[in-house]
Amino acid sequence: MTEHLIAGLRQFRKETFPRFREHYQRLVEEGQRPTTLFLGCADSRIVPDLLMQTGPGELFIIRNMGAFVPPFEPDEGFHGTSAGIEFAVLTLGVTDVVVCGHSHCGAIGALYDAPNPHTPHISRWLTLGNGARLEGASPTPEVLRETERRSVALQLERLLGYPMVRTRVEEGTLSLHGWLYVLEEGRVLGLDVETGAFVPVGED
Ligand SMILES: [Zn+2]
């Protein structure tokens with residue numbers, strides 16, 4: 001396994017890095033100035049830079065289980081995702097936030113399982129998706145796909161609970177986008193907040 005990764009690294013150093021050398025040099029000298037915060041699931045099947053054909057310096061990426069947005073809670077907890085949101089919005093001054101869920105998300109599926117006492121961090125984390133669950137429903141593929149969509153809307157709503165996000169959205173300097181990446185189709189559906197429907201993005 002490691003051999004495969006090292007072979008990839010070797011290829012990166014030999015072929016890819018030389019092509020980007022000047023670009024990296026500029027990014028080091030001028031610092032990063034990404035315009036988009038991409039908040040996605042940690043699932044290994046999601047490759048944001050492959051999906052959007054972006055490169056070094058373009059996306060500020062936060063990934064966690066389920067692409068969940070925790071509530072704004074300035075307490076003593078270790079809030080990695082929240083810290084990233086603050087940094088992207090206040091320090092980097094991104095103009096767009098994409099919250100991207102995906103089909104066949106394990107975190108969404110787990111919302112329908114009984115909490116496992118051996119994984120307290122997971123159980124606690126997953127409560128961030130509870131509002132998307134269809135109560136009383138069995139986790140059929142249709143229910144799961146619907147829950148994935150509802151979760152994207154729920155996380156966007158929670159993002160608006162961050163004062164610095166709400167302020168910039170109201171000022172018109174920050175746009176929020178809810179996406180659902182359909183793994184098996186290689187397409188992205190975007191939430192239309194007016195209608196609540198998910199419509200294809202980037203297919204024109
Ligand atoms: Zn996932």
- 222 nm mean residue ellipticity, helices alone, for the chain (DSSP H n ≥ 4; -39,500 (n - 2.57); rounded to 500): -10500 deg cm²/dmol
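Mind checking region 107-197 for GluC sites (Glu not before Pro) that DSSP puts in a loop (not H, G, I, E or B) and that have at most 10 other Cβ atoms within 10 Å?
Numbers: sites: E135, E142, E146, E148, E157, E170, E171, E184, E185, E194; in loops: E135, E194.
Within region 107-197, the qualifying GluC sites (Glu not before Pro) (loop, at most 10 other Cβ atoms within 10 Å) are E135, E194.
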- Phi to ³J(HN,Hα) by Karplus 6.51 cos²θ - 1.76 cosθ + 1.60 over region 87-103, Hz, x for Gly, Pro: 4, 5, 7, 8, 8, 6, x, 4, 9, 9, 10, 10, 9, 10, x, 7, 6
- Message: Skipping prolines and chain starts, which residues have an amide H placed within reach, meaning under 5 Å, of the one on S175, given they are 5 or more residues away or on another chain?
- Response: D96, V97
- In Hz, Karplus ³J(HN,Hα) per residue of region 38-46 (6.51, -1.76, 1.60; θ = phi - 60°; x = Gly, Pro): 9, 10, x, 6, 6, 3, 5, 7, 8
- Item | Loop chymotrypsin sites (Phe, Trp or Tyr not before Pro), region 175-204 (other Cβ atoms within 10 Å of the site Cβ: 15 or fewer; DSSP) | none
- Could you list which residues have their amide H under 5 Å from that of G66, counting only those 5 or more apart in sequence or on another chain, with H placed in the peptide plane? A42, D43, A107
- Length added when fully stretched, M52-R21, from 0.36 nm per residue minus Cα-Cα: 9.0 nm
- Please tell me the relative contact order of the chain in percent, rounded to the nearest whole number, where contacts are Cα pairs under 8 Å and at least six residues apart. 20
- Message: Please list 3J(HN,Hα) in residue order for region 63-74, calculated via the Karplus relation 6.51 cos²θ - 1.76 cosθ + 1.60 where θ = phi - 60°; whole Hz, with x for glycine and proline.
- Response: 10, 8, 5, x, 6, 8, 10, x, x, 5, 9, x
- Task: Describe numerically, in nm with one decimal, the distance between label points set 7 Å from Cα along Cα→Cβ at V199 and at A114.
- Result: 4.5
- Task: Give the distance, in whole Å, between the Cα centre of region 1-64 and the Cα centre of region 138-204.
- Result: 24
- Query: If you stretched the chain out fully between V28 and S175, how much longer would it get, using 0.36 nm times the residue separation minus the C-alpha to C-alpha distance?
  - Reply: 50.2 nm
- Could you tell me which chymotrypsin sites (Phe, Trp or Tyr not before Pro) in region 1-108 are loop residues by DSSP with no more than 10 other beta carbons within 10 angstrom of their beta carbon? F78
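A short reminder: the numbers here are calculations on the coordinates, not readings from a lab. Owing to the predicted nature of the structure, the values given are computational and were not obtained by experimental measurement. Backbone-built Cβ (ideal geometry, glycine too); neighbour counts: all protein chains shown.
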